[in-house]
Amino acid sequence: MPATGDGRAPGAANLPGAHDGAPVGRARSRPVTTGPATAAPPIPHPRSQAARAAHAAHPSHVSEVPTAPGPDATADGDAPLRLLVIEDDLSDAQLIKAAVADSGTSIEIHWARGLDQATALLAPPLARRGRSRGTEFGCVLLDLAAPADLPHPSDSSDGLEGLHELLRRAPHIPVVVLTDAAGAELGAAAVAAGAQDFLIKHETDGPLLARALRYAVERKRADESQRRLVEAELRGQENARLQRHLLPTPLLDGAGLSFTRRYRPGRRRALLGGDFYDAVRTDDGTVHVVIGDVCGHGPDEAALGVALRIAWRTLVFAGLTGEALLTTLQHVLEHERRSDEIFATLCMVVIRPGGADSDLDSLGRSEHAELYLAGHPAPMLLGRDHAPVTLPADHAGPALGLLPCHDGQAAWPAHEIELPPGWRLLLYTDGLIEGRVGAGSRRLGQDGLADLIGDHQAAGLTRGRLVDSAIAEVEELNGGALTDDVAVLLLERNPVQLILG
């Protein structure tokens, strides 16, 4: 195309049809204007002297962008596609306008000579109250020969400096580039650099232009959807790693116990719920086990459950136990919860060490433990020669956070229990016993769970297989997955080695 000494085409200041931003297309018989625009340019709102100065500095071919539906509205087939053309050559502008008029598609053209003017249209500095600040154009048609308005003209050029700058300034808008016949390789490089498509001048007719614009819009939408999907997957993986590390690792080395745990959050696509558990052995040989349930099912409840578990372990290693520990744990809950209505149930078992030879002959000796209940279901003692027995809850205290501690209303006395030789203790949260039985309103309850566990024991199931089969049958009776969080612990005397299931 002809060029002047300053690198711009003659008549570039008089690009056609730019003054009104009117829809073009669906009127093949409409004559194409070839001369300069004669209508007066739009008058900007006189917000300041700077605005009037900016208007005087801008050529009349840059159209003012009216407020209209964004690019998503072009998919309904009624609103025209709002196209921003960055072009400073008059002859190429006439070709574009003729192709648009011959496309049979409703396209509203707006013109800009360079990237500075285009950026002002793509991202207006002032946004009306209550309106989003995004771009209002459906697509940009960029002539790679148009002035790039680079902030650093000395930068090395690959012929795509204008595209790079446009993508930097308006990364979320689809772009189609224009090249001459000798620049087909440059057009392919532009697509590789981030453009959605490229067209060759003097070889582009109306239908081809319309197809390219539609393809660019859809490809950009698909790219954005894929990007959001990847970001969501990465966030999900990061959240999964974080939640997995927040689950406890029991510290029972040297305790001679096997420890089986199962944990199922009620929230979909989550690894962590409001239920929590932990088990540690202190230096004096005492084994401390806890299981608890924060009311609710959201991420706030899950975070509070983690805070309570970590606080419990810290207090145990600091030497606290019994009511002193539970009182301090309630203070932690009161400071960490988001509202006064949040509470947590808890069950804690403290197994005191026996004699010096307990690790060798504990299978033939009974052991003693202390049971503390704070509004939580009592554990179940699984005997080898008798049906499961639910431990008494006569000394149960209120759930943590329900009653104040300072006036003595909240109390959690210890209940002494005897663990027979070869004992097995099942601790669980209420999500396991609140599932329905059949289509009615009947709940499984503790008695139903005891019968169910007894049947599975009679079938010879132990440890992980026993717990898994019990949860599976509870879900089957419920008619589907349980909606509440479920945590189950099976602690067994096993003097040979520690087994974590």
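Between 303, 324, 279, the distinction of being closer than 15 Å to residue 352 by Cα and not aromatic (Phe, Trp, Tyr) belongs to 279 only. With the requirement that a residue be at pLDDT 90 or above and either closer than 21 Å to residue 300 by Cα or crowded, with 20+ Cβ neighbours inside 10 Å (or both), what does the range 242-251 give you? 250, the sole residue that qualifies. Selection of the range 311-323 for residues being at pLDDT 95 or above and either under 24 Å from the mean Cα position of the chain (by Cα) or part of a helix (DSSP H, G or I) (or both) yields 311, 312, 313, 314, 315, 316, 317.
Select, from 398, 413, the only residue that is closer than 23 Å to residue 328 by Cβ and open to solvent by less than 40 Å² (accessible area, probe 1.4 Å).
On the way: 413 fails: open to solvent by less than 40 Å² (accessible area, probe 1.4 Å).
The conditions single out 398.
Is it the case, given these coordinates, that residue 163 is over 23 Å from residue 94 (Cα atoms) and either surrounded by fewer than 20 Cβ atoms within 10 Å (Cβ to Cβ) or at pLDDT 90 or above (or both)? So residue 163 fails the test.
Do you know which residues across the range 202-221 are basic (Lys, Arg) and more than 12 Å from residue 176 (Cβ to Cβ)? Selection gives 221 alone. Within the range 309-318, the set of residues being surrounded by fewer than 23 Cβ atoms within 10 Å (Cβ to Cβ) and either touching a residue at least 24 places away in the same chain (Cβ under 8 Å) or touching a Pro at 6+ places or on another chain (Cβ under 9 Å) (or both) comprises 309, 310, 313, 316, 317.
Within the range 260-288, the residues that satisfy the criterion of being in a strand (DSSP E or B) and within 30 Å of the chain's Cα centre (by Cα) are 261, 262, 263, 264, 275, 276, 277, 278. Among the residues of the range 166-203, the one identified as hydrophobic (A, V, I, L, M, F, W, C), open to solvent by 30 Å² or more (accessible area, probe 1.4 Å) and either in contact with an Asp or Glu (Cβ under 6 Å, 6 or more places away or on another chain) or within 18 Å of residue 112 (Cβ to Cβ) (or both) is 167.
Of all residues in the range 190-203, those satisfying the criterion of being within 24 Å of residue 138 (Cβ to Cβ) and either in a helix (DSSP H, G or I) or of a type outside the set (Asp, Glu) (or both) are 190, 191, 192, 193, 194, 195, 196, 198, 199, 200, 201. The number of residues in the range 258-276 being among the hydroxyl-bearing types (Ser, Thr, Tyr) and open to solvent by less than 10 Å² (accessible area, probe 1.4 Å) comes to 2.
Counting the residues of the range 289-302 that are in a strand (DSSP E or B) and open to solvent by less than 10 Å² (accessible area, probe 1.4 Å) gives 5. Checking the structure you have, find out if any residue of the range 459-469 is crowded, with 16+ Cβ neighbours inside 10 Å, touching a Pro at 6+ places or on another chain (Cβ under 9 Å) and either in contact (Cβ under 8 Å) with a residue 40 or more places away in the chain or over 26 Å from residue 369 (Cα atoms) (or both). No; the residues of the range 459-469 include none that is crowded, with 16+ Cβ neighbours inside 10 Å, touching a Pro at 6+ places or on another chain (Cβ under 9 Å) and either in contact (Cβ under 8 Å) with a residue 40 or more places away in the chain or over 26 Å from residue 369 (Cα atoms) (or both).
To keep it simple, each residue is scored yes or no on (1) touching a Leu at 6+ places or on another chain (Cβ under 7 Å); (2) under 30 Å from residue 484 (Cα atoms).
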position: 195; (1), (2): yes, no
position: 217; (1), (2): no, no
position: 254; (1), (2): no, no
position: 268; (1), (2): no, yes
position: 290; (1), (2): yes, yes
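The values are calculated or read from the model by the stated rules, or taken from the named source; none is laboratory data. Keep in mind it's a predicted model, so treat the numbers as computed, not measured. Quick reminder, even Gly has a Cβ in these numbers, built from the backbone with ideal geometry, and neighbours come from all protein chains shown. For the accessible areas, the whole protein counts, side chains as well, though only heavy atoms, and no ligand, DNA or RNA atoms are used. Shrake-Rupley method; radii C 1.70, N 1.55, O 1.52, S 1.80 Å.
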